[in-house]
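Everything on this sheet refers to the single structure shown next.
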Amino acid sequence: MKKGFTLWFTGLPSSGKSTIADAVAQELKKSNLQVERLDGDAFRKTFSSDLSFSAEDIKKNNERVISVSKSLTEKGMAVLVSLISPYRQSRENARKEIGDFVEVYVKCPLEECKKRDPKGNYKKALAGEIPNFIGISSPYEEPESPEVIIETDKEDVAQCAQKIIATLKKLGYLG
């Protein structure tokens, strides 16, 4: 059985977490790995539909994602989590709990994220329609020592994906 791992994509809303994670997932599938994608939006609609976006509920949602990720990683899967996960402590908990954990900081300036804004959430948050919006009225704590930093305002999707694949090889997760 191949060794499982979790790639944890963190960054501001609209930074490109899901787009990059999807591209990496496609690359990993070419290596015959069992790949599972856990996307923050989809996870919230199913497993965490009972939670709000308060700091406490964000932490609870992250704990649920950590639990599922750990279980899948232990089964030898490549788990790709795209989740804002704004708090360092939650990401450190994920690292400790999961073990085979690779943090990917999807770095993108707030102004660029606001321009992308596919769901119009920044506009709503700035108008006061969405309380506790991360990056606007709620903090995002940047990672202090992620294994990979990708800058989606400077690198295209393919470059970002290749940088992550190279890191996985360097860390011994890929041959």
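Projecting the Cα atoms of 80, 51, 8 onto the dipole axis of the chain, where Lys and Arg carry +1 and Asp and Glu carry -1 at the beta carbon, places 80 farthest toward the positive end. Counting only the backbone N, which residues of region 131-175 are under 15 Å from the spot 7 Å out from the Cα of residue 92 toward its beta-carbon? Inside the label zone: 141-146. Choose one answer from 11, 99, 128: the residue with the largest mean-square fluctuation in a GNM of the chain with alpha-carbon springs under 10 Å. Of 11, 99, 128, the Gaussian network model singles out 128 as fluctuating most.
Look at the alpha carbon pairs under 8 Å that are at least 6 residues apart: their mean separation over the length of the chain gives a relative contact order of 34 percent. The long axis of helix 88-98 is offset from the longest Cα principal axis of the chain by roughly 30 degrees.
Starting from the Cα of residue 142, step 7 Å toward the Cβ, then list every residue of region 107-127 with an amide N under 19 Å from that point. What the label zone holds, given the 19 Å backbone N cut-off, is 107-115. Taking other Cβ atoms within 10 Å as a rough exposure proxy, 39, 50 sort from fewest to most as 50, 39. Helix 157-170 and the longest principal axis of the C-alpha atoms of the chain enclose an angle of approximately 50°.
In terms of surrounding Cβ atoms within a 10 Å radius of their Cβ, 122, 87 rank from fewest to most as 87, 122. With a Förster radius of 30 Å applied to the beta-carbon distance between residue 171 and residue 59, the computed FRET efficiency rounds to 0.65.
For region 75-150, relative contact order (Cα pairs under 8 Å, six or more residues apart, normalised by length) works out to 42 percent. In degrees between 0 and 90, to the nearest 10, how far off the longest principal axis of the chain does helix 17-30 point, with axes built from Cα atoms? Around 20 degrees separate the two axes.
Based only on other Cβ atoms within 10 Å, what is the fewest-to-most ordering of 152, 46? Mind dumping the intermediate values first?
Values: 152 23, 46 7.
The order, fewest Cβ neighbours first, is 46, 152.
Quick check for me: using +1 on Lys/Arg Cβ and -1 on Asp/Glu Cβ, what's the dipole size of region 5-170 about its Cα centre, in debye to the nearest 20?
Working: 26 positive and 26 negative charges, 58 e Å.
With Lys and Arg at +1 and Asp and Glu at -1, about 280 debye.
Structure remark: mean-square fluctuation, Gaussian network model of the chain, C-alpha springs under 10 Å; the largest value among 33, 83, 12 belongs to 33.
Computed from the coordinates by the stated procedures, all read-outs in this text should not be read as laboratory data. These numbers were taken from a predicted model, which means no experiment stands behind them. Note: ideal-geometry Cβ built from the backbone for every residue, glycine included; neighbour counts use all protein chains shown.
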